[in-house]
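Working notes, beginning with the structure itself.
Since every read-out is calculated from the coordinates, none of them should be taken as a lab result. Just so it is clear, the structure is predicted and the values come from calculations on it, not from any experiment. Positions of Cβ are backbone-derived with ideal geometry, glycine not excepted, and every protein chain shown enters the neighbour counts.
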Amino acid sequence: MAKITTGAINPEPGSSKKYKTGSWRNMKPVIDFNKCTKKCLFCYEYCPDSAVEKTKDGPKINYDYCKGCGICAYECPKEAITMEQEEK
Amino acid sequence: MKLIVRGNEATAVGAKLSRPDVIPAYPITPSTLFPEKISEYVANGELDTQFITVESEHSAISACIGASATGVRTCTCTASQGLALMHEMLFIAAGMRLPIVMPIGNRALSAPINIWCDHQDTISELDTGWMQFYAEKNQEALDLVIMAFKIAENKYVLLPAMVGLDAFVLTHTMEVVDVPDQKDVDDFLPPYTTSASYLDPTKPATVGSFGTPEYYMEFKYAEELAMNAAEKVIDEVFAEFKQKFGREYKKINTYKTEDADIILVTMGSMSGTARATVRQLRKDGKKVGLAKLTVLRPFPEKELLECAQHAKVLAVVDRNISFGFGGRVFSEVAGKFINRATKPLITNYVVGLGGRDVTINDYKEIVADSENVMNTGKVETQTKWINVKKENL
């Protein structure tokens with residue numbers, strides 16, 4: 001735990017990188033690469049949280065930040081993304 | 001220099017002498033003269049400040065928060081519905097630890113619409129994290145504005161402060177005030193500097209950030225500690241003010257309490273009438289005293305317990321009502337005695353709502369009722385409404 005500052009001023013820019021917000025998720029998107037073309041990147045474009053990364057092997061979901069909203073699964077033209085129950 | 005001024009002008013003079021860098025304000029009865037005077041000072045070249053005419057009280061306090069967050073001195077002024085409109089922002093000013101000062105022309109809240117005096121507006125904001133001071137006369141309003149800046153800006157405090165002055169009874173009533181010299185005020189209140197110049201582009205920072213459950217409570221605890229620290233700082237600033245300007249302030253101003261059986265507890269301008277009543281009743285041999293609360297936040301617990309240690313009855317006179325409970329100051333005062341082995345009986349009277357006069361006769365009725373409580377040892381009705389025409393209901 002970090003020490004608190006007076007008035008909740010955060011003097012460190014870019015500190016949001018330290019805070020993983022994926023723990024809010026209760027449904028998890030999973031890509032079926034048998035269906036995924038790896039080229040359209042709709043999921044990458046539509047993700048409101050920039051939690052889908054573009055890699056040479058196609059899209060990759062960053063579960064540290066994905067909130068499980070399901071927009072990628074809804075938009076996927078190949079229906080390659082399914083929302084699975086998060087288990088912890 | 002002596003001036004004959006209305007209470008609003010006294011607070012405007014106090015603000016001018018404190019040299020705020022930014023003053024956003026929105027007019028509301030009974031505080032409108034404050035922005036009018038400030039705009040006059042700016043137009044005359046008497047005051048170098050950014051005077052912002054905003055579109056609402058919510059905007060006024062928001063602009064104060066923005067300005068104060070850049071590390072400059074700022075103030076505004078409002079009353080009643082205007083203060084209520086600021087409500088959500090008051091917590092933010094305190095939570096961001098911004099030392100904003102705000103005189104309030106204490107006025108009743110609607111409905112029905114009423115522009116006259118009671119303390120309901122500031123009393124309803126007791127829990128926002130602002131310090132609260134109450135003036136009895138225009139001189140106090142002027143002095144308290146200057147002192148409020150110094151207390152608020154203290155590095156151990158960094159909390160905003162309200163200075164209440166009663167609608168019309170003070171805001172629109174002319175009294176002689178002794179105006180301190182600018183040079184002396186400059187000595188007393190140096191320019192505001194803060195270790196965190198929050199909007200400095202060379203040192204980027206996030207203000208108004210998110211506080212998750214893991215952190216939020218610590219921020220609130222720090223605010224509470226700052227309130228506790230303010231108790232000592234207020235004493236120090238009052239002492240320094242007396243040394244420099246000769247006028248003495250205490251968190252609780254007492255009058256003949258040392259041997260009093262019954263102590264009236266009051267706030268604001270109605271304290272003068274209470275003092276006159278005490279003087280009259282003393283001539284009749286009645287052991288009555290007065291404790292006037294100048295500071296309500298942080299609550300002056302030590303001073304209250306000290307002045308009431310020999311009293312048999314504390315008669316708390318509330319110019320506000322917490323519906324379904326009683327007077328709010330009564331609940332505060334009574335709460336501080338809860339674990340004391342010896343304590344006075346505590347009576348409570350609601351008076352003067354919506355500008356109804358609080359007279360010597362009202363105080364005599366209050367004292368007579370409290371005498372009855374003292375003699376019987378019983379409080380039959382905890383909160384009594386004084387001078388209310390029940391036959392008109």
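Taking 0.36 nm per residue of separation and subtracting the Cα-Cα distance, what length does fully extending B:Glu224 through B:His310 add?
27.9 nm
Starting from the Cα gyration tensor of the range B:48-106, take the square roots of the eigenvalues, sort them a ≥ b ≥ c, and report rounded, prolate or oblate (rounded when a/c is under 1.5, otherwise prolate if a/b is larger than b/c, else oblate). Don't skip to the answer; put the middle values down first.
Numbers: a/c = 1.65, a/b = 1.21, b/c = 1.36.
It comes out oblate by the Cα gyration axes.
How tilted is helix B:216-245 with respect to the longest principal axis of chain B? Cα atoms for both, answer in degrees (0 to 90, nearest 10).
80 degrees
What is the distance in Å between the Cα centres of the range B:106-175 and the range B:236-261?
18 Å
Give the residue list of trypsin sites (Lys or Arg not before Pro) in the range B:134-235 that are DSSP loop and have at most 16 other beta-carbon atoms within 10 angstrom. Before the final figure, lay out each step's value.
Numbers: sites: B:Lys137, B:Lys150, B:Lys155, B:Lys183, B:Lys220, B:Lys232; in loops: B:Lys137, B:Lys155.
Hits after loop and neighbour filter: B:Lys155.
According to a simple spin-label model (label point 7 Å from Cα along Cα-to-Cβ), what is the distance in nm between B:Ala43 and B:Gln243?
About 4.2 nm separates the two model spin labels.
Please report how far the C-alpha centroid of the range B:292-319 lies from that of the range B:205-233, rounded to the nearest whole angstrom.
About 27 Å separates the Cα centre of the range B:292-319 from the one of the range B:205-233.
Fewest to most neighbouring Cβ within 10 Å: what's the order for B:Arg6, B:Arg319, B:Arg279? Numbers along the way, then the final one.
Values: B:Arg6 22, B:Arg319 29, B:Arg279 14.
Ascending number of Cβ neighbours within 10 Å: B:Arg279, B:Arg6, B:Arg319.
If packing is taken as the average count of other Cβ atoms within 10 Å, what order do B:250-257, B:65-72 fall into, highest mean first?
Numbers: B:250-257: 19.0, B:65-72: 20.5.
Ranking, from highest mean packing down: B:65-72, B:250-257.
Given the C-alpha centroids of the range A:12-88 and the range B:10-81, what is the distance between them in whole angstrom?
The range A:12-88 and the range B:10-81 have Cα centres spaced 50 Å from each other.
Quote the relative contact order of chain B in percent (integer), defining contacts as alpha-carbon pairs under 8 Å separated by 6+ residues. Mind dumping the intermediate values first?
Details: 806 pairs, mean separation 63.1, N = 393.
It comes to 16 percent, rounded to a whole number.
Project the alpha carbons of the range B:1-97 onto their principal axes and report the range along each, largest first, in whole Å.
38, 28, 21
Are there GluC sites (Glu not before Pro) in the range B:190-229 that DSSP puts in a loop and that have at most 10 other Cβ atoms within 10 Å, and which ones? Mind showing how you got there, number by number?
Values: sites: B:Glu214, B:Glu218, B:Glu223, B:Glu224; in loops: B:Glu214.
Filter output for the range B:190-229: B:Glu214.
If you project the alpha carbons of the protein assembly as shown onto their three principal axes, what span does each projection cover, largest first, in Å?
100, 58, 43
Multiply the residue separation of A:Glu79 and A:Lys20 by 0.36 nm, subtract the distance between their alpha-carbon atoms, and state the gained length in nm to one decimal. It would help to have the intermediate numbers written out before the result.
On the way: separation 59, 0.36 × 59 = 21.24 nm, distance 2.77 nm.
Full extension from A:Glu79 to A:Lys20 adds 18.5 nm.
Could you tell me what percent of the DSSP beta bridges with both partners in chain B are antiparallel, to the nearest 5? Each step should come with its number before you reach the end.
Values: 11 of 46 bridges.
Antiparallel bridges: around 25 percent, rounded to the nearest 5.
Would you mind giving the average projected area, over all directions, of the Cα convex hull of chain B in nm² with one decimal?
Numbers: hull surface 83.4 nm².
Spelled out: convex hull of the Cα atoms, projected over all directions, averaged, 20.9 nm².
What FRET efficiency, computed as 1/(1 + (r/R0)^6) with R0 = 30 Å and r the Cβ-Cβ distance, is obtained for B:Lys232 and B:Glu175, rounded to the nearest 0.05?
Numbers: r = 31 Å, r/R0 = 1.04.
Calculated value: 0.45.
Which value in Å is the Kirkwood Rh of the range B:256-393 over different Cα pairs?
15.0 Å
For the range B:345-393, state which trypsin sites (Lys or Arg not before Pro) are in a DSSP loop and have at most 16 other beta carbons lying within 10 Å of their beta carbon. Numbers along the way, then the final one.
Details: sites: B:Arg356, B:Lys364, B:Lys378, B:Lys384, B:Lys389, B:Lys390; in loops: B:Arg356, B:Lys378, B:Lys389.
Passing sites in the range B:345-393 are B:Lys378, B:Lys389.
B:Gln50 to B:Lys250: FRET efficiency via 1/(1 + (r/R0)^6), r the Cβ-Cβ distance, R0 41 Å, to the nearest 0.05?
Computed FRET efficiency for B:Gln50 and B:Lys250 comes out at 0.70.
For a label point 7 Å from the Cα of B:Asp184 along Cα→C-beta, name the residues of the range B:225-266 whose backbone N is under 20 Å from it.
B:235-250, by backbone N distance to the label point.
From the C-alpha coordinates alone, can you work out the Kirkwood hydrodynamic radius of the range B:96-248, in Å? Don't skip to the answer; put the middle values down first.
Working: mean 1/r = 0.0575 Å⁻¹.
Here the Kirkwood hydrodynamic radius works out to 17.4 Å.
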